[in-house]
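Here is the structure we will look at.
The values are calculated or read from the model by the stated rules, or taken from the named source; none is laboratory data. Model, not experiment: these values are computed from the prediction. Here the Cβ positions follow ideal geometry from the backbone for every residue, glycine too, while neighbour counts run over all protein chains shown. What goes into the accessible areas is simple: the full protein's heavy atoms, side chains included, and nothing from ligands, DNA or RNA. Shrake-Rupley method; radii C 1.70, N 1.55, O 1.52, S 1.80 Å.
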Amino acid sequence: MNENEFAELAAGAALGALSPDDQQRYHAALVANPEWQRIADADAAVAAMLAEGVAPVAPPADLRSSLLARIATTPQNGEVFVEPAAAAGSAREPDSEEGDDQASTESSHRPAVGGETGAKAPARRLRVLFALAACLALLVGVGVGTVALNDYLNRPASVVALQEIQSADDAQQASVELADGGTATAHWSASVGEAVLVADGIATLPDDQDYELWFVRGDQPISAGVFEAEDGEATALLSGDMHEGDVIAVTIEQAGGSPDGSPTTDPVIAIPTA
């Protein structure tokens, strides 16, 4: 057995699809050629990856009965049977015992069609299917990786800023409890030059309203943009420069923010940063 022939058997072994005879040939080849273990290990790893990447699916209700019916009509000794050609059957004399005996003798001593090559055909098919499955797994993996990379590259600006702030040496934060039991936390960093508000348990507003952010500097409120809450959560990047001692506040305004640049309602969030 050469290495290519062993690779065909290794694919079948990884898939659990070898006949008893091929299983014996496979193990004997491994004993005789221990350096081929790398092929078996690689195929086993790919088979495991395929198994992990496929979601469980309930088998059809008629699977057992159809398999039993197929088994009942399938030879179990591994031989390959070929129906005699119609022309050959018509050429034989029906009443010729000698002809029948000769045909029977020839048939009993004739090797299976294709000899050893015929026996290897299923293994070759397994190797091809195995290679296709491995390629598919690679493409799926690349696809998943591409989605993950795309998600990373397209993170919202507020999430990017929050991660930069949290990674900064001068990162600071302050939190307050909301009236409905939620929490609002302001994150900021002078070196990053950004401030982000993270709210959990904040109410979702109707379509004609938005939350508006403010830097309250002394008695002067300065608009820092609007945001929406989704499923009780929000992460919002404040626009503009934050100064030391600013209070970060949030009011409920009409959609798009206050029309005159000043708060029109009392703050629902007010977080001192000093």
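Things to note:
- The heavy atoms of T235 present about 60 square angstrom of accessible area, all protein chains included, probe 1.4 Å.
- Highest mean first, the peptides 26-39, 157-170 sorted by other C-beta atoms within 10 Å per residue fall in the order 157-170, 26-39.
- Protein-only accessible surface order, largest first, of S65, S189 at 1.4 Å: S65, S189
- Förster radius 30 Å - calculated FRET efficiency between A69 and E35 (Cβ-Cβ, nearest 0.05): 0.10
- Förster radius 35 Å - calculated FRET efficiency between D260 and A190, Cβ distance, rounded to 0.05: 0.70
- Our summary gives the range 1-42 a relative contact order of 48 percent, counting only alpha carbon pairs under 8 angstrom and 6 or more residues apart.
- V268 contributes an accessible area of around 70 Å² to the protein surface, as traced by a 1.4 Å probe with all chains present.
- Whole-number D in µm²/s for the range 161-210 (Stokes-Einstein; Kirkwood sum over Cα pairs; 4 °C, 1.567 mPa s): 108
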